[in-house]
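First up is the structure itself, then whatever we jot down about it.
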Amino acid sequence: MGNIIKTIADGGVPAYLIVFMGLIAMGMIFERVKVLYFDYSIKTDKFMSQIRNLLLNNKVDDAITFSDANKKAPLAHVIKSVLERSDRDEESMHQGLDISLSEIIPLLGKRLGFLMMIANVATLMGLLGTITGLILAFNAVAFADPSQKQTVLSQGISMAMNTTALGLTVAIPVMVCYAFLHSRQNQLLEEIAEHSTKVVDLLTSRNYEPFKKDSIYPTDINTSKLEGKAV
């Protein structure tokens with residue numbers, strides 16, 4: 001612990017700024033992990049199986065109630081918006097789907113852009129501290145009093161190395177976490193798009209009469225007439 005505090009102190013102002021940005025990023029990561037992996041999580045297969053069974057049994061109201069009970073999950077929220085327009089035409093259902101997606105997408109990507117910005121800025125702050133430390137070191141060689149030259153030179157080099165290390169220490173984990181969170185965001189969006197489209201298709205096709213073998217290949221045709229025409 002003492003070495004970490006000394007490293008930050010030796011890095012000067014850039015090091016303190018890097019640590020501050022690292023703490024902000026840590027808070028954002030914890031919040032996004034909680035939301036994307038826990039709050040928005042739902043057993044997709046089980047949920048969609050229940051929705052499908054209710055719709056096939058023409059229990060749309062029950063499907064809406066079931067979706068509302070899980071509305072904290074984005075998938076359930078979107079499905080509910082579609083089901084609430086199930087008494088309208090297909091265009092209206094697609095419009096409801098688009099509206100609900102426009103509400104959900106910003107929530108899924110909330111604050112993720114700031115994580116990438118923090119990773120980039122932390123790296124640049126480390127570079128700034130490196131350049132500042134090298135300037136101090138060069139000034140020590142050129143202008144410092146011989147009795148203090150060694151001390152000033154070591155301080156400059158220490159600042160350069162410590163800020164570089166701190167910048168990378170913050171930037172690398174933040175970028176890795178951003179990659180996982182962005183992947184999770186895309187996974188949720190893909191699930192929502194896939195299953196909501198299937199629900200729309202199920203709603204629009206449930207009132208149609210399915211094809212039957214007899215209607216495609218009728219058996220009551222007078223084959224003798226066909227044979228007579230063939231002759």
In this structure, is F66 buried (at least 18 other Cβ atoms within 10 Å of the Cβ) and either at pLDDT below 90 or out of contact with any strand residue (DSSP E or B) (no Cβ under 7 Å at 6 or more places or on another chain) (or both)?
yes
What is the one condition in (1) within 14 Å of the chain's Cα centre (by Cα); (2) over 28 Å from L202 (Cβ atoms); (3) among the aromatic types (F, W, Y) that Y40 does not satisfy?
(2)
Of the candidates A140, A193, the one satisfying the condition of being of a type in the set (G, A, S) and modelled with pLDDT under 85 is A140
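Step by step: first the residues of the range 16-34, then only those that are closer than 15 Å to F114 by Cα and among the β-branched types (V, I, T), then the one that is surrounded by the most Cβ atoms within 10 Å (Cβ to Cβ). Which residue is that? Before you say what the answer is, go through the steps one by one.
As a first pass, look at the range 16-34 and keep what is closer than 15 Å to F114 by Cα: 18, 20-33.
After this cut, where a residue has to be among the β-branched types (V, I, T) as well, the list is 18, 24, 29, 33.
On the way: I18: 30, I24: 14, I29: 20, V33: 15.
Across the range 16-34, the extreme among qualifying residues is I18.
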In the set A160, A137, A76, which member is under 22 Å from G12 (Cα atoms) and touching a residue at least 24 places away in the same chain (Cβ under 8 Å)?
A160
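Yes or no, residue by residue, for (1) at pLDDT 90 or above; (2) exposed (fewer than 14 other Cβ atoms within 10 Å of the Cβ):
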site: L36; (1), (2): yes, no
site: D45; (1), (2): yes, yes
site: L55; (1), (2): no, no
site: P74; (1), (2): yes, no
Test set (1) touching a residue at least 60 places away in the same chain (Cβ under 8 Å); (2) within 30 Å of S196 (Cα to Cα); (3) within 29 Å of the chain's Cα centre (by Cα) - E103 fails condition number
(1)
Of the conditions (1) hydroxyl-bearing (S, T, Y); (2) buried (at least 17 other Cβ atoms within 10 Å of the Cβ); (3) closer than 30 Å to R52 by Cα, S183 fails just one. Which one is it?
(2)
Determine whether M159 is surrounded by 17 or more Cβ atoms within 10 Å (Cβ to Cβ) and either part of a helix (DSSP H, G or I) or touching a helix residue (DSSP H, G or I) at 6+ places or on another chain (Cβ under 8 Å) (or both).
yes
Expected output for the range 13-27 (first residue under 15 Å from G133 (Cα atoms), partner not acidic (D, E), Cβ below 6 Å, 6+ apart or cross-chain) is P14/M125; P14/L128; P14/G129; P14/T163; A15/I8; A15/T163; A15/L166
Examine the range 203-213 for a residue that is part of a helix (DSSP H, G or I), more than 25 Å from the chain's Cα centre (by Cα), modelled with pLDDT of 80 or more and surrounded by 11 or more Cβ atoms within 10 Å (Cβ to Cβ), and state whether such a residue exists.
yes
Matching residues, the range 68-84, being touching a helix residue (DSSP H, G or I) at 6+ places or on another chain (Cβ under 7 Å) and closer than 17 Å to Q185 by Cα:
K72, P74, L75, A76, H77, V78
If a residue must be in contact with a His (Cβ under 8 Å, 6 or more places away or on another chain) and assigned to a helix (DSSP H, G or I), how many such residues does the range 44-99 contain?
5
Across the range 29-43, what is the number of residues that are outside any helix (DSSP H, G or I) and not β-branched (V, I, T)?
3
Residues in the range 100-111 that are part of a helix (DSSP H, G or I) and either buried (at least 21 other Cβ atoms within 10 Å of the Cβ) or in contact with a helix residue (DSSP H, G or I) (Cβ under 6 Å, 6 or more places away or on another chain) (or both) total 3
Among the residues that make up the range 120-129, is at least one of them buried (at least 21 other Cβ atoms within 10 Å of the Cβ) and over 30 Å from A165 (Cα atoms)?
no
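The values are calculated or read from the model by the stated rules, or taken from the named source; none is laboratory data. Keep in mind that this is a model prediction, so the values were computed, not measured. Here the Cβ is made from the backbone with ideal geometry for all residues, glycine too, and neighbour counts use every protein chain on show.
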